[in-house]
1. Scan segment 41-62 and report the pairs whose first residue is assigned to a loop (DSSP other than H, G, I, E, B) and whose second residue is among the acidic types (Asp, Glu) and modelled with pLDDT of 55 or more, with Cβ atoms within less than 7 Å and a gap of 6+ or a chain change.
2. For segment 44-72, enumerate the residues that are modelled with pLDDT of 85 or more and either of a type outside the set (A, V, I, L, M) or over 15 Å from the mean Cα position of the chain (by Cα) (or both).
3. Which residue pairs have Cβ atoms closer than 8 Å, lie 6 or more positions apart in sequence or on different chains, and pair a first residue in segment 2-21 that is on the phi > 0 side of the Ramachandran plot and modelled with pLDDT under 95 with a second residue that is hydrophobic (A, V, I, L, M, F, W, C) and loosely packed, with under 12 Cβ neighbours inside 10 Å?
Amino acid sequence: MPNVGGGEVVYTVRSGDALANIGARFQVSATAIARANRRADPDLLYPGLRLTISTSASRPESEAPQAGSGTRFVASISQQR
């Protein structure tokens, strides 16, 4: 994947790719990729299509993962006597 500079890479779509999978690989939302590449139909991908993807270093803070935004589990432990 060529580095475009400024925290961006160019990704070439392969057979079986979906924006969600590509986004997960680069920690970017599928919506952000579609917007950045002016994709009117984000489901219309084909092998060889080149997408510019902003890496996490260059994403606006509003798109950057927030601390504590992962899955949380809460366990209730009762004290037995």
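The values are calculated or read from the model by the stated rules, or taken from the named source; none is laboratory data. These numbers were taken from a predicted model, which means no experiment stands behind them. So basically every Cβ, Gly included, is an ideal-geometry build from the backbone, and we count neighbours across all protein chains shown.
1. Within 7 Å, the pairs are 45/17; 55/8; 58/8.
2. The answer is 44, 45, 46, 47, 48, 49, 50, 52, 54.
3. 7/57
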